[in-house]
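Novice: Sharing a structure here in structure tokens format.
The values are calculated or read from the model by the stated rules, or taken from the named source; none is laboratory data. Quick caveat, the model's predicted, so the values are computed rather than measured. Calculation scope for accessible area: heavy atoms of the full protein, side chains included, ligands and nucleic acids excluded. Shrake-Rupley method; radii C 1.70, N 1.55, O 1.52, S 1.80 Å.
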Amino acid sequence: MTKHQTDTSAALDRIASSPTADVEDVAAVFGVGRSTGYAAVKAGEWPVIKVRGRVRIPTAWVREQLRLDVAEPAVAAG
């Protein structure tokens, strides 16, 4: 596995347990490559939250698109 390849089952576990995910994980579970994921972000096809240059995708949206029956991850109060 190269640096940019992501294990799909590990990516799905991270999406199920976190409120946001990186483009690489979302691309893996959608079955597309990293560059296709970033193109989807740029085209506005995937919703994003940008934080100081980092792109995060809401996992609730990912789970909804994939019709996954996974509970919303708990978010720690801060």
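Novice: Given the residues Trp61, Trp46, which is the only one that is of a type in the set (Phe, Trp, Tyr), outside any helix (DSSP H, G or I) and at pLDDT 90 or above?
Specialist: Going through Trp61, Trp46 in turn, the sole match is Trp46.
Novice: I'm trying to understand the selection: among the residues of the range 1-31, which are open to solvent by less than 60 Å² (accessible area, probe 1.4 Å) and not in a helix (DSSP H, G or I)?
Specialist: Correct list: Thr6, Ser18, Pro19, Thr20, Ala21, Asp22.
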